[in-house]
1. Considering only the stretch 401-412, state which residues are open to solvent by less than 10 Å² (accessible area, probe 1.4 Å) and either more than 14 Å from residue 183 (Cβ to Cβ) or out of contact with any Ser or Thr (no Cβ under 8 Å at 6 or more places or on another chain) (or both).
2. Is it the case that some residue within the stretch 261-270 is within 34 Å of the chain's Cα centre (by Cα), buried (at least 20 other Cβ atoms within 10 Å of the Cβ) and in a loop (DSSP other than H, G, I, E, B)?
3. Please work out if residue 109 is open to solvent by less than 20 Å² (accessible area, probe 1.4 Å), at pLDDT 95 or above and among the small types (Gly, Ala, Ser).
4. Looking at residue 27, is it open to solvent by less than 70 Å² (accessible area, probe 1.4 Å), of a type in the set (A, V, I, L, M, F, W, C), assigned to a loop (DSSP other than H, G, I, E, B) and on the phi > 0 side of the Ramachandran plot?
5. Determine, yes or no, whether residue 98 is of a type in the set (Val, Ile, Thr) and either at pLDDT below 95 or over 30 Å from residue 345 (Cα atoms) (or both).
6. Answer yes if at least one residue in the stretch 464-473 is in a helix (DSSP H, G or I) and crowded, with 17+ Cβ neighbours inside 10 Å, and no otherwise.
7. Test residue 114 against the criterion of being under 23 Å from the mean Cα position of the chain (by Cα) and either in a strand (DSSP E or B) or of a type in the set (Val, Ile, Thr) (or both), and give yes or no.
8. Answer with yes or no whether residue 361 is more than 30 Å from residue 121 (Cα to Cα), at pLDDT below 95 and more than 19 Å from the chain's Cα centre (by Cα).
Amino acid sequence: MAPTPLTIRMHERDNVAIVANDGGLPAGTALPSGLVLVDKVPQGHKVALEDIAADAPIRRYDVVIGTALKPIPAGSWVHERLLRMPDARSLEGLPLATAPKNALPPLAGYTFEGYRNADGSVGTRNILAITQTVQCVAGVTAFALQRIKAELLPRYPNVDDVVALEHGYGCGVAIDAPDAVVPIRTLRNISLNPNFGGELMVVSLGCEKLQPERLLPPGSVPIVDTRGDGANTTDAALDVVCLQHESHVGFMAMVESIMRQAEVHLARLDQRRRETVPASELVVGVQCGGSDAFSGVTANPAVGYCTDLLVRAGASVMFSETTEVRDGIAQLTARATTPEVAQAMIREMAWYDAYLQRGAVDRSANTTPGNKAGGLSNIVEKAMGSIVKSGSAPIANVLAPGEKLKAKGLTYAATPASDFICGTLQLAAGMNLHVFTTGRGTPYGLAEVPVIKVATRSELARRWHDLMDINAGTIADGTATIEEVGWQLFHFMLDVASGRQKTWAERWKLHNALVLFNPAPVT
């Protein structure tokens, strides 16, 4: 027996809907409305609900995602080759903080077990991070890291992991260029992430442009609780292992030096214990990657509902990906708490527009072959599905790339849309828990913070059953609501933050490299 044809129309004024059935629907299929498909329409792709004239608007989410390049009969497959993408919304004349400011009711009584730091922040993991000033030291640090994990880490059972903050920056770059501030502050703030417990250990080559004192100048080094009881806090000295130091005679001398210093930090971290803290101590970064047409139907709306729950609980939530929200800028500036916050968003969009122009590309370069295979025709359609991760709360803060978050509520943290650069910049902002939605599927993960993966489709969740943590495809299947999946995610986040559960990425140790966003020239 053939399955009942399922389509999803996002708004009553839309003239297209997407096909929800696994495998799509063949030509000749009669929809419950009586419309008969002219073409075979793959899952997630759009079907014309009415005749669409040439140059007429094509609407999804009640937004014009393009105009028809030729007449499109009702029942036809509407794909990217039939659409002309509209121009980007001008950054002039945008609504500034005009949306109604209906305060969300507080959500009290939710807690997790976290690691309280001397600076007041809270970690969800207890990790020793070894900061590197330059790529040149990566091989030596990686060798030492293997030995640390094998020989030292088992002696300190309260430490979750040891990670090296490897990157491609530090030398061969225009270190004094104005935009060099972005990668430098990014690496600095990652080193100070709450999951690292305030323990700073640096491996330097010695001759690099990014010297340790420039990366972590006086005043940026955190306060260290030297006894672990909060009663004896001092400014930490910058602990640097310099590989070119004359005491390092031979390779193994370098390795032993790194191991010796690592053990000092491991011993302090091992004294730390989880304690009950309010859910307001969560700093959550939300992101999507490998998106499809279901992203804006299932996973991202569920994440958006969860975002509202977190904001109601007093937590901090960041959404990002400048290119993937640019076409929804009018919705975002209207939601700003003040005109100043709206103007800050506009400044970040304008900066990124100029950045793309310098590279002789535009926002249309964002959509991937996988996005299109999943039913997303262009960046406008993709953006409408992306911004719903931000929920409905007012946007209270804006961060430039690499800046550290210092406020509660909902924040727009400006980042490129690249999964790896976005995750890196959200780490720098102080993220202690990460939520990542995917429709096409990606094994993305970070060693520095737990990454919760949310599948947009049940077929993906079944096929990647040991990679996806939450199946939001149940929303499209009709077996769960957006609210139910949002609450499921909220409770799972508290369990993961407490260490009661590990994500699949943690279990498999699937960790992508950090990628520093460097808009400055390379020399």
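The values are calculated or read from the model by the stated rules, or taken from the named source; none is laboratory data. What you see is a predicted model, and the numbers here were worked out from it, not measured in a lab. Glycine also receives a Cβ, built like all others from the backbone with ideal geometry; neighbour counts cover every protein chain displayed. Accessible surface is based on the protein model in full, side chains and every heavy atom, while ligands, DNA and RNA are left aside. Shrake-Rupley method; radii C 1.70, N 1.55, O 1.52, S 1.80 Å.
1. Answer for the stretch 401-412, where residues must be open to solvent by less than 10 Å² (accessible area, probe 1.4 Å) and either more than 14 Å from residue 183 (Cβ to Cβ) or out of contact with any Ser or Thr (no Cβ under 8 Å at 6 or more places or on another chain) (or both): 410, 411, 412.
2. no
3. Values: open to solvent by less than 20 Å² (accessible area, probe 1.4 Å): no; at pLDDT 95 or above: yes; among the small types (Gly, Ala, Ser): yes.
The answer is no for residue 109.
4. Values: open to solvent by less than 70 Å² (accessible area, probe 1.4 Å): yes; of a type in the set (A, V, I, L, M, F, W, C): yes; assigned to a loop (DSSP other than H, G, I, E, B): yes; on the phi > 0 side of the Ramachandran plot: no.
Judged against the criteria, residue 27 is not a match.
5. Numbers: of a type in the set (Val, Ile, Thr): yes; either at pLDDT below 95 or over 30 Å from residue 345 (Cα atoms) (or both): no.
No, not satisfied.
6. So the first thing to find is which residues in the stretch 464-473 are in a helix (DSSP H, G or I), and the list is 473.
With the extra rule that they be crowded, with 17+ Cβ neighbours inside 10 Å, the set shrinks to 473.
Yes, the stretch 464-473 contains a residue that is in a helix (DSSP H, G or I) and crowded, with 17+ Cβ neighbours inside 10 Å.
7. Numbers: under 23 Å from the mean Cα position of the chain (by Cα): yes; either in a strand (DSSP E or B) or of a type in the set (Val, Ile, Thr) (or both): yes.
In short, yes.
8. Numbers: more than 30 Å from residue 121 (Cα to Cα): yes; at pLDDT below 95: yes; more than 19 Å from the chain's Cα centre (by Cα): yes.
For residue 361, the condition - more than 30 Å from residue 121 (Cα to Cα), at pLDDT below 95 and more than 19 Å from the chain's Cα centre (by Cα) - is met.
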